[in-house]
1. Kindly indicate whether any position in the stretch 32-43 is among the small types (Gly, Ala, Ser), buried (at least 17 other Cβ atoms within 10 Å of the Cβ) and modelled with pLDDT of 95 or more.
2. Looking at HIS48, HIS55 in this structure, which one is modelled with pLDDT of 95 or more and surrounded by fewer than 20 Cβ atoms within 10 Å (Cβ to Cβ)?
3. Could you tell me whether the stretch 207-221 includes any residue that is among the small types (Gly, Ala, Ser), modelled with pLDDT of 90 or more and more than 16 Å from the ligand (Cβ to nearest atom)?
4. Test ARG227 against the criterion of being basic (Lys, Arg), free of Cβ contacts under 8 Å to residues at least 24 places away in the same chain, over 29 Å from ALA51 (Cβ atoms) and out of contact with any His (no Cβ under 6 Å at 6 or more places or on another chain), and give yes or no.
5. Only residues that are aliphatic (A, V, I, L, M), within 15 Å of the ligand (Cβ to nearest atom) and part of a loop (DSSP other than H, G, I, E, B): list them for the stretch 224-266, please.
6. If you check ASP13, ASP17, which single one turns out to be over 30 Å from ALA255 (Cα atoms), touching a Gly at 6+ places or on another chain (Cβ under 8 Å), in contact (Cβ under 8 Å) with a residue 24 or more places away in the chain and not in a strand (DSSP E or B)?
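The values are calculated or read from the model by the stated rules, or taken from the named source; none is laboratory data. Keep in mind that what you see is a predicted model, and the values were worked out from it rather than measured. Here the Cβ positions follow ideal geometry from the backbone for every residue, glycine too, while neighbour counts run over all protein chains shown.
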Amino acid sequence: MPEGHTIHRAARDHLRDLGGQRVVVTSPQGRFDADVLVDASGRAHLQHVEAYGKHLFYVFESERIVHVHLGLFGKFYRRRSPASPPRSSTRMRLEGEAMTIDLVGPTACDVVTPEQMQAITARLGPDPLRADAKPRRFYAYVARSKTPIGAILMDQSRICGVGNVYRAEVLHLLGIHPDLPGSSTPPATVRAMWRLIVGLLRRGVEEKRIVTTRGLVLAKPRERVPRSDSTHVYRRRTCRTCQGVVLTYILRARAVHYCSTCQPLGAPSEDADSAAALGP
Ligand SMILES: [Zn+2]
């Protein structure tokens, strides 16, 4: 599933491509009611595109908003206008002056009111990529929760935008076992965790992929870092830090990857400042 960096990057790119234009909105698949948005010419003025966690909101004139959640299989395809005819599975096509965006296979693509948008975002925890994020809500929940920190990081109502890759990598960089209860995680470490997540997600937005490693001696640009070298434990057989075996188990229905040597069970002993220094 795409993580928050993909969604924020899509918001940025789509705003640049289509923002301020009268966009032709259609649903070649027919499962999205584009007609409620558009005028007689089939167009609607796109004012803004906003990301919140894994949710995207396309704000059109007259306070009509298209809410998109990609889910596991949703994908955007970006083409130059005029684009070739869409595939029949295209849920929504946004056709601008220079670029056309096709959306295929999302979990959600619906027209919502500002009140419904507010209700969706009210259910979400703070988004580390948003300027208006309030991490104190995340800190307070972690401090009182017996839930494993590895599960809290995946709970979009506590912190949103983090998915399986960032979860595994953040816990590894901080030396934390995924099963450590939230309330046993030192507050300074939780704050360092937030800062680390902000840095990693921002980097993901810029690089359009997840790379949590650094210091690689590369003969080629970072964009070419092979997938196996882009993480420390996620989808690796051996830990990139200590070469130990990476263990995997199911935590709340999702596989979590960690290194038992680098991430022993128990409160982390290293101080938060040195942990934060591991950030990108
Ligand atoms: Zn290790």
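1. no
2. HIS48
3. No, the stretch 207-221 contains no residue that is among the small types (Gly, Ala, Ser), modelled with pLDDT of 90 or more and more than 16 Å from the ligand (Cβ to nearest atom).
4. Answer is no for this residue.
5. VAL233, LEU265, listed by residue number.
6. ASP17
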